[in-house]
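The next block holds one structure in the form of structure tokens; read it before the comments.
The values are calculated or read from the model by the stated rules, or taken from the named source; none is laboratory data. The shown structure was predicted, so the numbers you read here are calculated from the model rather than taken from an experiment. Cβ sites come from the backbone with ideal geometry, for glycine too, and all protein chains shown count toward neighbours. Surface accessibility is based on the protein's heavy atoms, side chains included, excluding ligands, DNA and RNA. Shrake-Rupley method; radii C 1.70, N 1.55, O 1.52, S 1.80 Å.
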Amino acid sequence: MDYKIFRIINQLAGRYSVLDMLMILISNKVRYLFAFVLMLMWFRGYSQRKVTVYAVISATFTLLINMLINCFYFKPRPFMKRRVGILIPSKMNSAFLSKHTLLTTAVSTSIFLHERVIGAVMWGCPC
């Protein structure tokens, strides 16, 4: 199932240069948007600072759980088993659980629980 979804998305790679550039930009730069939002929240006041601390704690805890899971379970990335179009080089680490997805979800959810609008916007940001 996950390979079918991957194949549907991956078949677009290399066909539309604007879409390729957009996906590369998102993949490389969205993390800076999340860091920027956290820095803005840090300087907006005490309640926002607490939310930032919760988000960082949540992200750290999520990364620790991810490292633990990766010690026991490895799922190869699709390009490791099959020939697929790759836009940017990637590490040969496990595809499950995706660190990008885990971190953006942890931070977005932490923010959403306290600041619904900002959190909802961050949930909508691609990871």
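So how do Met23, Met122 rank on accessible area, 1.4 Å probe, biggest first, that is with the largest at the start? Kindly include the intermediate steps, with their values, before the conclusion.
Values: Met23 90, Met122 10 Å².
Solvent-accessible surface, decreasing: Met23, Met122.
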- Query: With labels modelled as points extended 7 Å from the Cα through the Cβ direction, what inter-label distance (nm, one decimal) is found for Ser47 paired with Ile8?
  - Reply: 4.1
- the range 1-77: chymotrypsin sites (Phe, Trp or Tyr not before Pro) falling in loop per DSSP and having at most 16 other Cβ within 10 Å: Tyr16, Phe43, Tyr73, Phe74
